[in-house]
Ligand SMILES: [Ca+2]
């Protein structure tokens, strides 16, 4: 069994390993067997809250109500462009009610706790929200689990009651919960371009979830993970983390990126409908305009017909 595990890890790593311009950063990665020490000055990883470690997984929360936990890297990221592959597992006893999900963070302040999936609200940085439960009662046109991105400069409130819908900048439906096979998510940040991809089918191929340009993130933030349960619960397990430094342009290497304020100037907050639902909105508007145009043309045609008839009647009376 142990042998199979090692083989599978080598396989995963081999398949997803990056090209010649990328190399794995050991300090920002975490694989089995996990280090025997966490949360010490010698460790690159720090545990918060209810997180527990076994030989098979790092469990941010167990399938128990009102738990919260975190897993935080202690070494800031000094390179501007990176890609992170996370193998995780979200599962539990609930069949229709479960929650709430977990978040992959790239933030200024590590190890904090709070109401946003166990992390602090009004955070500085990037959150990739792996949300398994919709807290909203109002209309929304995608199903959960749902992956979304939030870029925050410390001024935005993440409203759990609305799944952060008003500040999400991109998202996709993502059926990652309760899978028997490995579930993986990849986050790539290069040249201010953020791409999130998934592999939930064990095919060893990435499927793009979303890709957005003009995302500004500084260096020297921290990677981390957090999860929380409330009335609903689930096991939120991190299995492995592989982080790669990517090729950066000369300009990006030279510039001081430590003071960049996290921002997504071109992203439209709140427009996180997935690709399947966006066209339906537009097509509804298009259909309305088309019907409106047809009615105008019909009315015009009918008007012209009666005008012509009337004109002919008057004309015929002249003879
Ligand atoms: Ca939610």
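Here are some notes:
- Global form of region 105-183, assessed from the alpha-carbon gyration tensor, a/c cut-off 1.5: oblate
- Take the convex hull of the alpha carbons in region 187-239; its mean projected area over all directions comes to 5.7 nm².
- Cα-based shape type of region 2-274, given that a ≥ b ≥ c are square roots of the gyration tensor eigenvalues and the cut on a/c is 1.5: rounded
- Listed by Cβ neighbour count within 10 Å, with the fewest neighbours leading, 59, 32 appear as 32, 59.
- Taking packing as the residue-averaged number of other Cβ atoms within 10 angstrom, the listed peptides 118-126, 133-141 run from highest to lowest as 118-126, 133-141.
- The ranking of 52, 104 from fewest to most other beta carbons within 10 Å of each one's beta carbon is 52, 104.
- Length released on extending from residue 75 to residue 53, taking residue separation times 0.36 nm less the Cα-Cα span: 5.9 nm
- Peptide ranges 211-221, 234-244 listed from the most packed, as the mean C-beta count within 10 angstrom indicates: 234-244, 211-221
- Cβ-Cβ distance of residue 192 and residue 166, R₀ of 22 Å, FRET efficiency by 1/(1 + (r/R0)^6): the value works out to about 0.40.
- Peptide ranges 201-210, 164-173 listed from the most packed, as the mean C-beta count within 10 angstrom indicates: 164-173, 201-210
- Cα gyration tensor shape of region 44-190, rounded if a/c is under 1.5, else prolate or oblate by comparing a/b with b/c: rounded
- Alpha-carbon centroids, region 24-75 and region 102-181: separation in whole Å: 20 Å
Read-outs: derived from the displayed coordinates by stated rules, not from any lab. In this text the structure is predicted, and so the values were computed from the model without any measurement. With ideal geometry, Cβ positions are generated from the backbone for all residues, glycine too; neighbour counts draw on all protein chains shown.
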